[in-house]
Amino acid sequence: MDLRDLYQDIILDHGQRPRNFRVQEHPSHVAQGHNPLCGDRITVYLTLEGERIADVSFQGRGCAISQASASLMTEILKGKTLAEAETLFRGFHAKVTGGDAPAAPEALADEMERLEPLSGVKAYPARVKCATLAWHAFEAALKSGSAGATVKTE
Amino acid sequence: MTPVTPVRPRQGGALDPRAIRRDFPIFERNPGLVFLDSGASAQKPAAVIDGVAEYYRSDYANVHRGVYRLSARSTELYEAARETARRFLNAREAAEIVFVRGGTEGINLVANSWGATFLKPGDEVLITELEHHANIVPWQLLRDRIGFALKVAPIDATGGLDLAAFEARLGPRTRLVAVTHQANATGAVLPVEAIARLAHARGAKVLVDGCQAAPRLPVDVQAIDCDFYVFSGHKTYGPTGIGVLYGRKALLDAMPPWQGGGDMILDVTFEKTTFQDPPARFEAGTPDISGAIGLGIALDYVEALGRDAILEHEEALTSYGVDRLSRLAGVRLVGAGQRRLGILSFQVDDIHPHDLATILDRHKVAVRAGHHCAQPLIDKLGLGATTRASLGIYNDESDIDALAEAVTAAQRMFKR
Ligand SMILES: Cc1ncc(COP(=O)(O)O)c(C=O)c1O
């Protein structure tokens with residue numbers, strides 16, 4: 001497997017210039033993701049309006065994979081319903097672990113396509129946690145609300 | 001036991017890493033492997049691998065129990081390994097050598113036996129900012145039970161121990177100083193003789209964590225004048241699951257057992273049990289017999305190469321590495337004070353250590369990325385994570401060159 005399948009241009013771009021890289025002053029939900037293996041920490045901020053994700057952003061430091069994954073996640077989740085986000089997470093998880101997931105509905109096909117560049121990590125088992133860190137933090141934020149929580153990748 | 005792979009004596013001369021590599025089957029099975037992670041765990045010479053297998057084939061039985069000859073032979077081999085470890089550390093007597101699971105268990109043993117008995121509320125234990133988690137967490141756990149104060153001596157601006165600040169933190173209530181001989185995250189070597197002198201002058205006991213130093217430096221516990229010294233077999237070219245705790249005889253004699261079971265008792269009734277003398281008192285249950293024997297073989301192998309020759313080799317290769325890496329633009333070595341040995345911890349601008357380690361791995365260069373189980377130190381240095389190349393007896397300049405070239409390749413890939 002070529003390294004370039006992991007570090008595609010789109011990953012390097014999002015890794016070096018992450019989108020939605022900012023703190024939200026009054027998010028409805030927030031959580032920290034922590035990868036104890038490497039010490040990386042990111043915080044995911046979320047503002048829900050009813051069932052819809054009005055805003056999602058993140059901040060923190062990490063490797064190119066975790067930064068790019070967080071960046072792509074925020075771009076894709078903005079405007080989605082929680083049910084759609086759940087479907088995307090399951091689809092994404094299957095992509096990066098090489099597992100099975102129910103085919104995403106037609107309406108989310110574009111989004112799944114945009115997550116494709118991260119599928120390279122499935123050849124690097126030690127790096128799967130880097131790719132899923134932001135998504136786990138997103139999920140933890142949904143569960144914990146504005147009080148905040150910390151999820152670990154272990 | 002007939003050694004399958006004889007340990008070739010090479011006493012006196014300089015180390016020949018190419019010849020040494022031929023003693024380590026891992027390099028034959030993984031052609032092109034550039035192994036720079038001996039600080040996490042070292043590879044094993046065939047003498048150790050075959051020696052352990054041969055012991056199971058020819059001489060295996062439980063120790064200290066059977067009256068039959070095989071058990072006696074097994075006991076002899078196990079005790080011979082203890083004598084080898086005594087020689088390796090220059091301890092006064094073999095009874096001062098306790099076999100443990102590794103450095104971590106050695107420190108936990110001292111905390112739970114000596115510490116739990118002799119430390120009182122209001123006492124102080126002094127460690128340094130350069131410690132591995134294994135020499136931090138056991139003291140925190142014990143502090144929470146007993147209520148003594150855990151003090152931390154800081155590093156100076158160069159990344160070495162600030163000896164003056166260390167001395168200033170020694171007080172009349174300091175009962176124990178627990179310091180690393182060599183910091184695993186940066187390679188900084190600590191002046192343990194001076195530390196022991198200062199500590200003893202205040203009446204404190206001294207524990208030295210030798211996990212990184214034992215495979216690199218000649219260690220003489222009498223010259224250091226420490227009260228406890230621990231190291232791990234697996235970092236010293238021996239098997240996993242075995243390590244050594246050296247304890248000054250008078251201290252071990254005064255310490256209660258920390259685990260109960262077979263082998264550590266003299267007499268058991270349901271009312272009262274009396275215990276063996278050290279070291280048996282601290283080796284409850286069936287020990288890692290093959291691990292101890294394998295460790296003995298590994299220590300013999302290291303002695304045959306020559307401890308001074310190994311130190312010279314590590315020093316020369318460390319300077320070469322410092323020089324080679326410093327000349328790469330965008331690469332910054334993490335400070336290790338006045339004396340750095342065998343470990344090169346560094347950062348590369350705009351490339352996270354995890355990404356770097358993945359890319360290096362594709363170039364067959366094995367390094368470690370992260371906080372190296374020394375999170376407080378890495379936090380203090382404001383780093384988050386580093387990439388660490390650590391050296392062993394089988395490394396030479398070609399390994400450093402491969403590392404430098406792979407770093408350059410990573411920089412090219414990340415440059416946009
Ligand atoms: C300085 C130091 N102390 C303690 C340890 C713990 O050793 P082990 O995991 O073998 O018990 C290590 C190993 O990483 C170390 O480098």
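Scan region B:226-234 and tell me whether some residue there is away from the ligand (no atom under 13 Å from the Cβ), open to solvent by 30 Å² or more (accessible area, probe 1.4 Å), away from chain A (no Cβ under 14 Å) and charged (D, E, K, R).
no
Being assigned by TED's automatic domain parsing to the domain that holds residue B:225, within 16 Å of the ligand (Cβ to nearest atom), more than 30 Å from residue B:279 (Cα to Cα) and touching a helix residue (DSSP H, G or I) at 6+ places or on another chain (Cβ under 9 Å) is true for just one of B:107, B:136, B:155, B:127. Which residue is that?
Values: B:107 fails: more than 30 Å from residue B:279 (Cα to Cα); B:136 fails: more than 30 Å from residue B:279 (Cα to Cα); B:127 fails: more than 30 Å from residue B:279 (Cα to Cα).
Answer to the selection: B:155.
Kindly indicate the residue of region B:376-386 that is touching a residue at least 24 places away in the same chain (Cβ under 8 Å) and more than 11 Å from chain A (Cβ to nearest Cβ) and also least open to solvent (accessible area, probe 1.4 Å) among those meeting that condition.
Only one residue fits best here, namely B:377.
Would you mind listing the strands (runs of 3 or more DSSP E) fully within region B:72-186 where at least 2 residues are open to solvent by 40 Å² or more (accessible area, probe 1.4 Å) and modelled with pLDDT of 95 or more?
Qualifying strands (runs of 3 or more DSSP E): B:149-153.
State which residue is nearest to the ligand (Cβ to nearest atom) when the search covers only region B:187-211 and only residues that are outside any strand (DSSP E or B) and of a type in the set (Val, Ile, Thr).
It comes out as B:192.
Output the qualifying pairs, or none if there are none: Cβ atoms under 8 angstrom, residues six or more apart or on different chains, first residue in region B:192-218 and of a type in the set (Asp, Glu), second residue open to solvent by 10 Å² or more (accessible area, probe 1.4 Å).
B:193/B:223; B:193/B:225; B:209/B:132; B:209/B:134; B:209/B:181
Just name the residue that is most open to solvent (accessible area, probe 1.4 Å) out of those in region B:357-375 that are more than 7 Å from chain A (Cβ to nearest Cβ) and in a loop (DSSP other than H, G, I, E, B).
Checked region B:357-375; the qualifying residue most open to solvent (accessible area, probe 1.4 Å) is B:364.
Which of the helices (runs of 4 or more DSSP H) contained wholly in region A:59-124 include at least 2 residues that are touching a residue at least 24 places away in the same chain (Cβ under 8 Å) and within 14 Å of another protein chain (Cβ to nearest Cβ)? Don't jump to the end; show me each part of the working.
Numbers: elements: A:64-77, A:82-97, A:109-115.
Once the helices (runs of 4 or more DSSP H) in region A:59-124 are filtered for at least 2 residues that are touching a residue at least 24 places away in the same chain (Cβ under 8 Å) and within 14 Å of another protein chain (Cβ to nearest Cβ), what remains is A:64-77.
For region B:323-336, indicate whether the set of residues that are of a type in the set (S, T, N, Q), touching a residue at least 40 places away in the same chain (Cβ under 8 Å) and outside the structural domain of residue B:241 (by TED's automatic domain parsing) is non-empty. Show your work before the answer.
Narrowing region B:323-336 to residues of a type in the set (S, T, N, Q): B:326.
Imposing the further condition that a residue be touching a residue at least 40 places away in the same chain (Cβ under 8 Å) reduces the set to none.
The answer is no, given that none of the residues of region B:323-336 is of a type in the set (S, T, N, Q), touching a residue at least 40 places away in the same chain (Cβ under 8 Å) and outside the structural domain of residue B:241 (by TED's automatic domain parsing).
Considering (1) closer than 30 Å to residue B:98 by Cβ; (2) assigned to a loop (DSSP other than H, G, I, E, B), say which one residue B:308 fails and leave the rest.
(2)
Filter region B:344-371 down to residues that are touching a strand residue (DSSP E or B) at 6+ places or on another chain (Cβ under 6 Å) and either on the phi > 0 side of the Ramachandran plot or more than 16 Å from the ligand (Cβ to nearest atom) (or both), then give me how many there are.
Residues that pass the stated criteria total 9.
For residue B:214, work out the one condition from (1) touching a Pro at 6+ places or on another chain (Cβ under 9 Å); (2) under 18 Å from residue B:135 (Cβ atoms); (3) in a loop (DSSP other than H, G, I, E, B) it doesn't fulfil.
Unmet condition: (1).
Do you know which residues across region A:22-55 are more than 14 Å from chain B (Cβ to nearest Cβ), in a strand (DSSP E or B) and either within 23 Å of residue B:386 (Cα to Cα) or of a type in the set (Asp, Glu) (or both)?
Matches in region A:22-55: A:32, A:33, A:43, A:49, A:55.
Hey, among B:292, B:336, which residue is in contact with a strand residue (DSSP E or B) (Cβ under 7 Å, 6 or more places away or on another chain), open to solvent by less than 30 Å² (accessible area, probe 1.4 Å) and within 15 Å of residue B:213 (Cβ to Cβ)? Explain how you work it out, then say what you get.
Numbers: B:292 fails: within 15 Å of residue B:213 (Cβ to Cβ).
Exactly one of B:292, B:336 is in contact with a strand residue (DSSP E or B) (Cβ under 7 Å, 6 or more places away or on another chain), open to solvent by less than 30 Å² (accessible area, probe 1.4 Å) and within 15 Å of residue B:213 (Cβ to Cβ), namely B:336.
Among the candidates B:406, B:402, which residue alone is within 12 Å of another protein chain (Cβ to nearest Cβ), among the hydrophobic types (A, V, I, L, M, F, W, C) and either part of a loop (DSSP other than H, G, I, E, B) or farther than 21 Å from residue B:182 by Cβ (or both)?
Unique residue meeting the criteria: B:406.
Where the second residue is acidic (Asp, Glu) and not in a helix (DSSP H, G or I) and the first is more than 8 Å from every other protein chain (Cβ to nearest Cβ) and lies in region A:4-19, which pairs have Cβ atoms under 6 Å and are six or more apart or on separate chains?
Short answer, once both residue conditions are applied: none.
The values are calculated or read from the model by the stated rules, or taken from the named source; none is laboratory data. Please read these numbers as outputs of a predicted model, since none were measured by experiment. Positions of Cβ are generated from backbone atoms using ideal geometry, with glycine treated the same way; all protein chains shown enter the neighbour counts. Heads up: the accessible areas ignore ligands, DNA and RNA and are worked out on the full protein's heavy atoms, side chains in. Shrake-Rupley method; radii C 1.70, N 1.55, O 1.52, S 1.80 Å.
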